[in-house]
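Notes to accompany the following structure.
The values are calculated or read from the model by the stated rules, or taken from the named source; none is laboratory data. Everything numeric here is computed off the predicted structure, so don't read it as measured data. Here the Cβ positions follow ideal geometry from the backbone for every residue, glycine too, while neighbour counts run over all protein chains shown. Surface accessibility is based on the protein's heavy atoms, side chains included, excluding ligands, DNA and RNA. Shrake-Rupley method; radii C 1.70, N 1.55, O 1.52, S 1.80 Å.
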Amino acid sequence: NAGVTQTPKFQVLKTGQSMTLQCAQDMNHNSMYWYRQDPGMGLRLIYYSASEGTTDKGEVPNGYNVSRLNKREFSLRLESAAPSQTSVYFCASSETSGGVGEAFFGQGTRLTVV
Amino acid sequence: GQSLEQPSEVTAVEGAIVQINCTYQTSGFYGLSWYQQHDGGAPTFLSYNGLDGLEETGRFSSFLSRSKGYSYLLLKELQMKDSASYFCAVRVLTDSWGKLQFGAGTQVVVTP
């Protein structure tokens, strides 16, 4: 049981380059999230998708776009990378039928923009 | 908007009890969870409070007061492996259910 899988695990980009971070979950969860984590800032929500076909902005959406490709997959795109986007990116998923809604996280993508 | 406040760091000795507080202000509050994250790792779920009161899971307990916008996580019989960051996270009802927002985290340092 893989849970939440993110690719790639590490990436170095030059300023202005674009890339897509991939995320897939095999738990049949409705909700998926993208967070970024910077030292001392905790986890900040970039975008989330409450169900297949919907996406909403979180706290820090500028410079990012997302696609909920299907129920399993939720990708994050940086169109023109900037050094301020150097961070660790986490994808997560959870069930949303009420109750606990425990979120399961991928292992993260460590992105450096030079 | 939403805000979550946690202390940045707490230090305690092995075997002791430590309490991490979390205060929040949010509209559409549905419930509050606690997560643990070791250096370099992914956050993992510890506990959830949807109603006022205490929830206990082994050495960890979590408390919620919805009227006060307050929660705490209690770690008992501290072990060296409990050295990690701990995050409170609120689940918020929005037009599209599912928003989960985290605090900045509390670094717990356990000393021998």
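Do we find that B:Glu5 is open to solvent by 60 Å² or more (accessible area, probe 1.4 Å) and closer than 27 Å to A:Ser31 by Cβ in this structure?
In short, yes.
Which one is most open to solvent (accessible area, probe 1.4 Å), of the residues in segment A:44-66 that are within 15 Å of A:Phe90 (Cα to Cα) and at the interface with another protein chain (Cβ under 9 Å from one of its Cβ atoms)?
The qualifying residue most open to solvent (accessible area, probe 1.4 Å) is A:Glu59.
For segment A:1-53, name all the residues that are in contact with an Asp or Glu (Cβ under 9 Å, 6 or more places away or on another chain) and of a type in the set (Lys, Arg).
Selection gives A:Arg44 alone.
Hey, does segment B:72-87 have a residue that's part of a strand (DSSP E or B), open to solvent by less than 30 Å² (accessible area, probe 1.4 Å) and of a type in the set (Phe, Trp, Tyr)? Spell out the reasoning first.
Of segment B:72-87, the ones part of a strand (DSSP E or B) are B:72-75, B:84-87.
Pick out the ones that are also open to solvent by less than 30 Å² (accessible area, probe 1.4 Å) and you get B:73, B:75, B:84-87.
Okay, now just the ones that are also of a type in the set (Phe, Trp, Tyr), so B:86-87.
Yes: segment B:72-87 contains one or more residues that are part of a strand (DSSP E or B), open to solvent by less than 30 Å² (accessible area, probe 1.4 Å) and of a type in the set (Phe, Trp, Tyr).
Give me the pairs, please: first residue somewhere in segment B:92-112 and more than 7 Å from chain A (Cβ to nearest Cβ), second residue anywhere and modelled with pLDDT under 75 and open to solvent by 30 Å² or more (accessible area, probe 1.4 Å), beta-carbon distance under 9 Å, and either six or more positions apart or on two chains.
Going by the 9 Å Cβ cut-off, the qualifying pairs are B:Val92/B:Gln2.
I'm told B:Gly1 meets every condition in (1) at pLDDT 95 or above; (2) outside any strand (DSSP E or B); (3) within 14 Å of chain A (Cβ to nearest Cβ); (4) out of contact with any Ser or Thr (no Cβ under 7 Å at 6 or more places or on another chain) except one. Can you identify the failing condition by its number?
Looking at each condition in turn, B:Gly1 falls short on (1).
Out of segment A:67-89, which residues are closer than 14 Å to A:Arg36 by Cα, open to solvent by 70 Å² or more (accessible area, probe 1.4 Å) and not in a helix (DSSP H, G or I)?
Answer for segment A:67-89, where residues must be closer than 14 Å to A:Arg36 by Cα, open to solvent by 70 Å² or more (accessible area, probe 1.4 Å) and not in a helix (DSSP H, G or I): just A:Arg77.
Given the structure, is B:Arg66 within 10 Å of chain A (Cβ to nearest Cβ) and either among the charged types (D, E, K, R) or open to solvent by less than 70 Å² (accessible area, probe 1.4 Å) (or both)?
No.
I'd like the residue in segment B:4-62 that is more than 18 Å from A:Met41 (Cβ to Cβ) and free of Cβ contacts under 8 Å to residues at least 12 places away in the same chain and, out of all such residues, is nearest to the other protein chains (Cβ to nearest Cβ).
B:Thr44
Listed residues A:Leu69, A:Leu45, A:Leu78; which is closer than 19 Å to B:Leu4 by Cβ, under 14 Å from the mean Cα position of the chain (by Cα) and hydrophobic (A, V, I, L, M, F, W, C)?
The conditions single out A:Leu45.
May I ask you to list the residues in segment A:25-43 that are among the small types (Gly, Ala, Ser), open to solvent by 20 Å² or more (accessible area, probe 1.4 Å) and either more than 10 Å from chain B (Cβ to nearest Cβ) or under 17 Å from A:Val66 (Cα atoms) (or both)?
none
Per-residue answers, yes or no, for (1) under 23 Å from B:Thr26 (Cα atoms); (2) modelled with pLDDT of 95 or more; (3) among the polar types (S, T, N, Q); (4) within 14 Å of the chain's Cα centre (by Cα):
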position	(1), (2), (3), (4)
B:Gly53	yes, yes, no, no
B:Leu73	yes, yes, no, yes
B:Tyr86	yes, yes, no, yes
B:Leu93	yes, no, no, no
B:Gly98	yes, no, no, no
B:Gln101	yes, no, yes, yes
B:Gln107	no, yes, yes, yes
B:Thr111	no, yes, yes, no
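Here are some conditions: (1) at pLDDT 95 or above; (2) buried (at least 16 other Cβ atoms within 10 Å of the Cβ); (3) among the polar types (S, T, N, Q). B:Ser47 meets all but one. Which one does it not meet?
Failed condition: (1).
Of all residues in segment A:1-24 being more than 11 Å from A:Ser93 (Cβ to Cβ), away from chain B (no Cβ under 14 Å) and in a strand (DSSP E or B), which is most open to solvent (accessible area, probe 1.4 Å)?
So, considering only residues that are more than 11 Å from A:Ser93 (Cβ to Cβ), away from chain B (no Cβ under 14 Å) and in a strand (DSSP E or B), the one most open to solvent (accessible area, probe 1.4 Å) is A:Val12.
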